[in-house]
Amino acid sequence: MKKVIITLSLVMASMGIINAQTVVVEEEVNKAPTNNVPAYKPSKTDAGFMMELTSYGGFDEKGLKGKFGNSIGFNFLFNLKYKLAKKVQLVSQVGINYENYSFTKTDTNTTFPTSVSNNEMDRFSVTAASLSLGARFKLKKSLYTELGATGKWNFSKVYNYEDKDLNGNKREVFVHDVAYLKDITADAYVRLGVKGISLVAYYRLTDMMQTANYAPVVYETPRLRLGISLGL
């Protein structure tokens, strides 16, 4: 009986020790911690540069017949695109346009821009600051088309020609700030491209010429220019 009492006492004492232990760390793990970083969303805007080479594209006007030679022009444009929908972007361009309009006079034009009819070269050169707004439509994979309009401020307007002096020597003459060339003009344009290369056509919506005291009859340079663009 004495042994039984001692054994029960030891068991009860050991249970008291177990219940008296202090819990230092208690943690219940239900799920692995989650990362609440939001999903990446691409920017809707995209910027880039574009360089264009353009020239006479046909459709002669009354009095002046365009020539491909000496009609080369260069455009340097900063391009900003904003995504409107999955396959549609709003496009804005600002830049500098340098365009040459080489021409010969038709039979009906005997006085403009001069009364001389046998110049070796006649050309108008216009440098403008331009602002364009258009829409770009994705057709298939990297193929796209773009439609828009361009406004130009022609801050440099030059008429130059080549002829020969009395001794038969060739000379080139430049006439700056030509009054009968307008300060403000506007074009419509269409572009068809794949990635960074595109074909572009500009059609001038406004007249380039205006009536002046010494040019009462207003003729017009060809309105269509065609070119190739490099850039995005």
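Computed quantities for the displayed model
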item: Cross-link reach list, lysines versus Lys195, counting only Cα pairs under 28 Å and skipping chain neighbours closer than eight places; result: Lys41, Lys44, Lys81, Lys83, Lys86, Lys87, Lys138, Lys140, Lys141, Lys152
item: Inter-probe distance in nm under a simple model that places probes 7 Å from Cα toward Cβ, at Leu192 and Val116; result: 4.2
item: For peptides 183-195, 137-149, sequence by mean Cβ density within 10 Å, most packed first; result: 183-195, 137-149
item: Interchain or long-range residues, amide H under 5 Å from Thr106's placed H; result: Gly63, Leu64, Lys65
item: Amide proton proximity set for Leu232, modelled H, under 5 Å, gap of 5+; result: Phe49
item: Between the stretch 86-142 and the stretch 158-187, the alpha-carbon center distance in angstrom; result: 17
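Every read-out reported here was derived from the displayed coordinates using simple, explicitly stated rules and does not represent laboratory data. Being a predicted model, the structure only gives us computed values, none of them experimental. Cβ atoms come from the backbone with ideal geometry, glycine included; neighbour counts cover every protein chain shown.
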